[in-house]
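Enquirer: After the structure tokens below, expect a handful of questions from me.
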Amino acid sequence: MREGLKQIYKGIVTDNPVLVLMLGMCPTLAVTKSAVDGVGMGLSTMVVLILSNMMISALRKVIPDGVRMPAYIVIVASFVTVVEFVLKAYVYSLYESLGVYIPLIVVNCIILGRAEAYASKNNVFLSMCDGIGMGLGFTVALGLLGLFRELLGAGTMFGINILRENASFEPISILVQAPGAFLVVACLAAIQNKLGLKGATNKRGKTKAGCNHDCLHCGGCMTLVGTENEKEGEKA
Amino acid sequence: MRTFFDSAVESRYKTEEELRAITVNYCIALIPVIAAGCYAFGFNAFKVLLASVVSCVASEYIYQKLMKLPVTSLDGTALMTGLLLGLCLPSEVPLYIPILGGMFATIVVVQLFGGYGFHVMNPALVSRCFLLISFSEAMTEYKIDGLTTATPLTIMRNGGTPDLQQLIVFNEQAGCIGEASVLALIVGALFLLIFRKISVITPTVYLFVFTIVICLFGGQDISLNDVLTHIFGGGVIFVAFFFATDRVTSPVGRWGKVIYGVLLGLITAIYRILGTNTESVSYAVIFCNLLVPLIDKYFAPRGVVEKEA
């Protein structure tokens, strides 16, 4: 139990996938136009992450090592399909605004990264906790980014007028468009670096995170590529 | 990535004195343009220019103080950026627009890339695009004497015929501050050309290619009047002589300049013919700015860009 709680804390704070590990940047940059979209994306990913982590962990001794990637993809894709249908049935507006990024959860680095780095080595309960932690961390980060961009870019918070009431405020609409995501994430990384916090872009911090340009010993997606190529090389 | 851009940008200015001399010349060349703009659009134009210059110089000073860098904000480059930015804004914008634009131009576009001389895109134009996307309403509303007026290009797109003579000599029609008079722009450009501060290749090739593409694809029954409006309206002349010739963001060699001019003319014309926004020449320039390192890689004269090896 203790171990499980530790894993959840790690996912939200010390190893936050977006803010610290800089994983899953594609949905982070693409769907944080508004707080609702960000939280919706985060929660959908969390559901998929928890279920796929549990499934992969349960099957970790069954799946042969050589075909584990296709197996993971099949598992993740089935859960994504379920989530997609649920969203389409119950929250159609969110489904519309997330668009192609829902099917793209299949290839989200966080999910495959956690499957490879954690779920395939730990038991079902711990993998579930890891899924909850990472998922919540992703949701919090996306929600906060969405909130900030929506507030300055459109003057609203979760769709409620906040700054628009004030006539002198003109929304900076570049922030709700694609370039705004890059600007906000870059500012965030800059603040992290300045404060010497743990982060994938921070070379000066005491504790390092992310890939550290050490692809061979990294738990993220780069390891998958490396080992996969080696395996193919052996066959050839 | 970094070495790729650095090697291409480095050594545009051989010495600091050269940089200063060119900056001073640019500012002098802009005097007739500023005068015409202020005369045409009144006190508002002056306020916009002042706000953008002060914002550029001040934000560079503050940034350099905060980052403990040598303070160079008074060497004229920030002044030049501010002037150029102010000149490509409409005169009636609320003052927070030039202030925000100046901050964006100096801090994000210039300082974050390593200071003046190391930036990849023209700061004034990137900032204009930033403002155009952010505050599209205020940025595309051109007013004269308090009345919203269509720009010559919009008039033409809607089927009217803009007054060409007015456009060249003295623009009573709508536009950015720097577009007030083509004559003033040409006077400024001649000053730079006579003192050999800018290359004649890029503007010539640019205007030539632009004219040809507009003549060929500008529409079935395009008249001479329309072609001339395309050339003299929408800031093409301004861009050709003051932005396309910017030493830092254009290729170094003769052939590089030719290719840059061709690309610029082609893309400006494509934006003009197919784009939804008629005043979109700034997008063409920043797009071509990004291709400059690539052009330099193959067409720079030997010995200029050799840092990579």
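The values are calculated or read from the model by the stated rules, or taken from the named source; none is laboratory data. What you see is a predicted model; the values in this text were computed from it and never measured. Counting neighbours? That spans all protein chains shown, and the Cβs are built from the backbone with ideal geometry, glycine included. When the accessible area is computed, the model is the full protein with side chains, heavy atoms only, and any ligands, DNA or RNA have been set aside. Shrake-Rupley method; radii C 1.70, N 1.55, O 1.52, S 1.80 Å.
Enquirer: Go through (1) more than 19 Å from the chain's Cα centre (by Cα); (2) open to solvent by 20 Å² or more (accessible area, probe 1.4 Å) one by one and return the number of the condition A:Gly4 breaks.
Expert: If we test A:Gly4 against (1) more than 19 Å from the chain's Cα centre (by Cα); (2) open to solvent by 20 Å² or more (accessible area, probe 1.4 Å), just (2) comes out false.
Enquirer: Right, another one. Just give me the residues in the range A:180-192 being at the interface with another protein chain (Cβ under 10 Å from one of its Cβ atoms) and either under 12 Å from A:Lys33 (Cβ atoms) or not in a helix (DSSP H, G or I) (or both), in sequence order.
Expert: Hit for the range A:180-192 is A:Gly180, nothing else.
Enquirer: Is there a residue in the range B:103-113 that is crowded, with 21+ Cβ neighbours inside 10 Å, within 14 Å of another protein chain (Cβ to nearest Cβ) and touching a Phe, Trp or Tyr at 6+ places or on another chain (Cβ under 8 Å)?
Expert: Taking every residue of the range B:103-113 in turn, at least one turns out to be crowded, with 21+ Cβ neighbours inside 10 Å, within 14 Å of another protein chain (Cβ to nearest Cβ) and touching a Phe, Trp or Tyr at 6+ places or on another chain (Cβ under 8 Å).
Enquirer: Restricting the first residue to the range B:42-60 and requiring it to be within 12 Å of B:Ile97 (Cβ to Cβ) and among the aliphatic types (A, V, I, L, M), which pairs with a second residue that is at pLDDT 90 or above and buried (at least 24 other Cβ atoms within 10 Å of the Cβ) meet a Cβ separation below 7 Å and a spacing of at least six or different chains?
Expert: Qualifying pairs under 7 Å: B:Val48/B:Gly86; B:Val48/B:Pro98; B:Ala51/B:Pro98.
Enquirer: While we're here: Is at least one residue of the range A:93-111 open to solvent by less than 70 Å² (accessible area, probe 1.4 Å), without any contact (Cβ under 8 Å) to a residue 40 or more places away in the chain and out of contact with any Asp or Glu (no Cβ under 8 Å at 6 or more places or on another chain)?
Expert: The answer is yes, given that some residue of the range A:93-111 is open to solvent by less than 70 Å² (accessible area, probe 1.4 Å), without any contact (Cβ under 8 Å) to a residue 40 or more places away in the chain and out of contact with any Asp or Glu (no Cβ under 8 Å at 6 or more places or on another chain).
Enquirer: Would you tally the residues in the range A:133-144 being out of contact with any helix residue (DSSP H, G or I) (no Cβ under 6 Å at 6 or more places or on another chain) and open to solvent by less than 10 Å² (accessible area, probe 1.4 Å)?
Expert: Qualifying residue count, the range A:133-144: 1.
Enquirer: Within the range A:52-83, take every residue that is open to solvent by less than 40 Å² (accessible area, probe 1.4 Å) and not aliphatic (A, V, I, L, M) and give me the one that is nearest to A:Val107 (Cα to Cα).
Expert: For the range A:52-83, the residue satisfying everything is A:Tyr72.
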